[in-house]
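Have a look at the structure below before the remarks.
The values are calculated or read from the model by the stated rules, or taken from the named source; none is laboratory data. On a predicted model such as this, the values are computed, not experimentally measured, just so you know. We place every Cβ from the backbone using ideal geometry, glycine too, and count neighbours over all the protein chains shown. Surface accessibility is based on the protein's heavy atoms, side chains included, excluding ligands, DNA and RNA. Shrake-Rupley method; radii C 1.70, N 1.55, O 1.52, S 1.80 Å.
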Amino acid sequence: MEEQKMTAGDRTVYPNETMPERVRRVKPFLAMEILEKAKQMESKGVSIIHLEVGEPDGDTPYAIKEAVIEAIRDNDTAYTHSLGKPALRREISLYYKNTYGVSIDPSQVVVTSGTSPAMLLAFSALLERGDKMIMPDPYYACYPNFVNFIGAEPLPVRVCEEDGFKLLADDVRKKLDPRVKGVLINSPANPTGTVLDENELRELADLGLYIVSDEVYHGLNYKGRDHSILEFTDRAVVLNGFSKRNIMTGWRLGYLIAPSFMVREMQKLQQNMFICACSFVQDAGIAALRESPEVLAERFSDYDQRRLYLYEALQQIGIAPAKLPDGAFYMLANVKKYTDDSLSLAQRILEETGVAVTPGIDFGPGAEGYIRISYACSMENLKEGIGRLKKFFAALDK
Ligand SMILES: Cc1ncc(COP(=O)(O)O)c(C=O)c1O
């Protein structure tokens with residue numbers, strides 16, 4: 001294919017020459033690339049089972065859709081306050097009070113177009129150039145990209161399968177140096193499904209560092225109730241959103257909760273970069289936060305059945321992780337006996353079986369030799385996918 005030329009004023013420039021270092025360092029998000037390839041195969045008639053995406057199955061609940069339709073009918077379509085609609089910010093603070101017993105002033109809440117922009121605001125406000133941010137490896141693929149992008153340094157700490165991939169306070173202590181500004185936690189976690197318990201969270205909070213706590217998988221905890229980091233410290237920025245819990249991935253709505261002194265700085269960034277989150281989708285957020293705990297429990301009881309089914313199936317194939325994950329909707333299947341190149345293996349699995357899985361390497365060197373399987377799909381699809389994977393690995397065993 002001919003290289004595309006771009007013009008800037010009277011000079012002809014080529015894309016590779018103009019791309020700044022900080023952009024070139026951003027790695028592609030392989031889960032999205034596999035998804036795009038799988039969709040392309042699907043459009044040519046290939047039967048694909050999607051076990052790669054972190055997207056809950058099912059439709060966005062009726063009441064949430066109705067809230068948006070009503071808001072649009074009311075012509076609620078103008079820019080909102082850059083920090084979000086006051087009603088939604090109040091609802092979020094009420095939700096944290098009712099769910100975790102913590103008192104958050106609505107002025108500490110910043111509404112964003114998804115959890116991902118909230119990450120950009122949080123890391124930008126927290127990290128100086130050269131500061132280090134500790135995070136567990138395996139990690140959610142985008143974290144180090146955000147940290148690198150703003151000129152800070154991700155400091156991944158290898159967590160191991162036998163310990164359930166937990167990042168504990170002792171692991172963090174060993175990595176401390178004066179440039180470490182904070183710790184990033186994600187419980188329940190992507191890609192491991194790991195849940196940190198109350199004590200483990202408290203011990204991390206007691207380190208006295210800033211904690212950025214990505215709570216987007218709260219609600220998907222099969223063992224007990226989730227704990228927000230705000231129960232243990234105020235020195236924290238919470239990231240959260242509606243994508244997973246309320247089946248709203250494409251709606252692009254999230255938020256962060258930050259110490260008051262950071263909010264003004266974040267507001268300036270939001271005003272410049274994003275202006276505000278979508279006005280009528282913010283009404284959907286209010287409806288989503290009002291979904292009853294019973295409705296949520298019912299929604300996630302299906303996930304638990306799939307989790308148990310998947311774990312047993314992976315054990316039969318011989319690739320189950322050492323511990324049954326307690327949360328989210330992912331498992332990291334250990335395929336080290338077959339490969340140390342998870343990307344090639346995932347591509348082969350897709351091409352030969354039509355099952356889309358995410359290569360572990362997307363989630364850091366600590367996840368190489370694994371593939372991530374998402375069970376946020378129907379039981380029927382999960383069973384079909386597992387059937388195909390069983391044959392694939394049985395053939396490799398021969
Ligand atoms: C750990 C984690 N944080 C954040 C996100 C992004 O969520 P959102 O859709 O709210 O931007 C994801 C998406 O998969 C995720 O797994």
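Structure summary
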| read-out | value |
| --- | --- |
| Test result for Gly219, in the same structural domain as Gly208 (by TED's automatic domain parsing) and part of a loop (DSSP other than H, G, I, E, B) | yes |
| So Asp131, is it over 15 Å from Val183 (Cα atoms), acidic (Asp, Glu), more than 10 Å from the ligand (Cβ to nearest atom) and surrounded by fewer than 24 Cβ atoms within 10 Å (Cβ to Cβ) | no |
| Residues located in segment 273-287, provided they are farther than 16 Å from Phe123 by Cβ and either free of Cβ contacts under 8 Å to residues at least 24 places away in the same chain or part of a helix (DSSP H, G or I) (or both) | Ser279, Phe280, Val281, Gln282, Asp283, Ala284, Gly285, Ile286, Ala287 |
| Every pair of residues 6+ apart whose Cβ atoms lie under 6 Å, when the first sits in segment 155-175 and is in contact (Cβ under 8 Å) with a residue 60 or more places away in the chain while the second is open to solvent by 50 Å² or more (accessible area, probe 1.4 Å) | Glu161/Ala322; Glu162/Ala322; Gly164/Lys323 |
| The listed residue being within 13 Å of the ligand (Cβ to nearest atom) and farther than 30 Å from Lys383 by Cβ, out of Ala67, Ala87, Ala122 | Ala122 |
| Members of segment 242-278 found to be among the β-branched types (Val, Ile, Thr) and within 10 Å of the ligand (Cβ to nearest atom), listed by number | Thr249 |
| Residue in segment 339-372 that is surrounded by the most Cβ atoms within 10 Å (Cβ to Cβ), counting only those that are β-branched (Val, Ile, Thr) and under 23 Å from the mean Cα position of the chain (by Cα) | Thr358 |
| Cβ-Cβ under 7 Å pairs, at least 6 apart or on other chains, segment 359-383 side not assigned by TED's automatic domain parsing to the domain that holds Asp326, far side assigned to a strand (DSSP E or B) and open to solvent by 10 Å² or more (accessible area, probe 1.4 Å) | none |
| Any hit, segment 98-107, residues being farther than 21 Å from Thr233 by Cβ, free of Cβ contacts under 8 Å to residues at least 60 places away in the same chain and outside any helix (DSSP H, G or I) | no |
| Candidates Ile211, Ile247 - the one that is part of a loop (DSSP other than H, G, I, E, B) and among the aliphatic types (A, V, I, L, M) | Ile247 |
| Residue in segment 199-208 that is free of Cβ contacts under 8 Å to residues at least 24 places away in the same chain and under 23 Å from His227 (Cα atoms) present | yes |
